[in-house]
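Structure, as structure tokens:
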Amino acid sequence: MSENERRMLRLLWRQPGLTRAALTKQLDLTQQSVHRITVDLVTRGLVGVGAAPPPSSRGKPSPSLYLAPDFAYTWGVSLNTDEIGLCLMDFAGSPIAYELLRLDGEGREATLEMIARRMRALRIAHRLADDRCLGLGFGITGFWLSGTQFNPPLPLRDWSLIELGPLLSARFRLPVWIENNANTAALGEAMLGFGRQLPTFAYVSFNYGLGGSIVIDGQLITGGSGNAGEISALFTPEERPMRPALQFLLERLQSEGIAVTSISDMAARFDPSWPGVDEWIDDVAPNFNRIVAAFWAVLDPQAVILGGQIPTGLARQLIQRVSLTEINRYGLSRPTPKLLISELGPQASSLGAAAYSLNKCCF
């Protein structure tokens, strides 16, 4: 597709129902160019035509346009240490199906087979043709090294230091795009969450480890080496056990005799009155405050969004402990970012992974 076609699809993705007149204004193209592009996209089946909006002036309004959801679909997979998020998404960016698959120490091969089996079942259940699939977005916890190699935490050791791209594309027989799952979660937030109203935000992903992402004007910023937002780098080796990574809360709860077996198990049954929770918050709150302050100072985001696998109650407790040092001059201070808890929960990363492949193909 041409760049102008991509721009139009991207705009219809964000604002479904625009008319040709509105597209002409927002794309800064001639009326003739917009008409030619829309006719071509409608003919090819990528764009559908809806009813015209009520007239706001003299003349007959043009019909509304939207992405045709049945034109194609994508898959999104998010791999954490103890669970897999699987999302099936239509061409308009709406989830068709979403599942969380539990992991209990399965190796890479068994995990891939589990994913493939569920993909087959969902494809049959929703009567989707193989040739309508654009590809698969894959989010994995851990930082990027080179090519399609990542360095995830120890429980995912057999996913580390290998070229995942050829492995996954051969296994699923699809084009595959791979990204850190904090980044795919931020994309999910930008597309279906708070990012719709707040296009510039920082995202903190609480999982077994701790990651972050940056979105500016709706666009994911990955940095010079692909690892922008890796907030664990703020801490020295001595400080790292006191950063708010959920592996350390899990270990503390287990040492207190709480029968939680994994991060997802802890999140599902979280009780703020458990012994060890308050002490952990006391330990990590200063370092979480440092994370928020660093994002505020460098990025000036509209919001810092807490997401990943963190329980909502725990996220609230961390937010209550944030205290930013404001510079007051002439009675005025800089605006501080909103501190928000993602409403997408652990779905965000696989939603964003599915959207990532849509972005790469068409937007």
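The values are calculated or read from the model by the stated rules, or taken from the named source; none is laboratory data. Keep in mind that what you see is a predicted model, and the values were worked out from it rather than measured. Using ideal geometry, Cβ is built from the backbone for each residue, glycine included, and neighbour counts are taken over all protein chains shown. The protein model used for the area step is the full one, side chains on, heavy atoms only, and it has no ligands, DNA or RNA in it. Shrake-Rupley method; radii C 1.70, N 1.55, O 1.52, S 1.80 Å.
Output the residue which, of all residues in segment 238-249 that are within 24 Å of the chain's Cα centre (by Cα) and not aromatic (Phe, Trp, Tyr), is nearest to Asp278 (Cα to Cα).
By that ranking, first place goes to Leu249.
Out of everything in segment 67-95 that is in a strand (DSSP E or B) and of a type in the set (Asp, Glu), what residue ends up being least open to solvent (accessible area, probe 1.4 Å)?
Selected residue: Glu83.
Restricting to segment 337-363, and then to whatever is at pLDDT below 95 and part of a loop (DSSP other than H, G, I, E, B), can you tell me which residue is surrounded by the most Cβ atoms within 10 Å (Cβ to Cβ)?
My answer is Pro346.
I'd like to check which strands (runs of 3 or more DSSP E) are fully inside segment 181-299 and have at least 3 residues that are of a type in the set (A, V, I, L, M) and surrounded by fewer than 19 Cβ atoms within 10 Å (Cβ to Cβ).
Per the criteria, no element qualifies.
Would you point out the residue of segment 133-173, among those that are in a loop (DSSP other than H, G, I, E, B) and either open to solvent by less than 10 Å² (accessible area, probe 1.4 Å) or touching a helix residue (DSSP H, G or I) at 6+ places or on another chain (Cβ under 8 Å) (or both), that is farthest from Ala354 (Cα to Cα)?
Pro153
Which residues, counting only those in segment 312-333, are in contact with a Leu (Cβ under 9 Å, 6 or more places away or on another chain) and either in a loop (DSSP other than H, G, I, E, B) or within 28 Å of Arg10 (Cβ to Cβ) (or both)?
Val322
Of all residues in segment 145-160, which are farther than 19 Å from Phe248 by Cα and touching a residue at least 24 places away in the same chain (Cβ under 8 Å)?
Selection gives Thr148, Phe150, Asp158, Trp159.
Show the residue pairs that are 6+ apart or on different chains and have beta-carbon atoms under 8 Å apart, the first residue being within segment 3-30 and on the phi > 0 side of the Ramachandran plot and at pLDDT 90 or above, the second being of a type outside the set (D, E, K, R) and open to solvent by less than 70 Å² (accessible area, probe 1.4 Å).
Matching pairs, first to second residue: Gly17/Gly50; Gly17/Pro53; Gly17/Ser64; Gly17/Leu65.
Filtering segment 111-130 down to residues that are under 20 Å from Pro166 (Cα atoms) and either among the β-branched types (Val, Ile, Thr) or modelled with pLDDT under 95 (or both), which residue is most open to solvent (accessible area, probe 1.4 Å)?
Asp130
Restricting the search to segment 8-18, which residues are surrounded by fewer than 18 Cβ atoms within 10 Å (Cβ to Cβ) and closer than 17 Å to Arg36 by Cβ?
Result: Leu11, single match.
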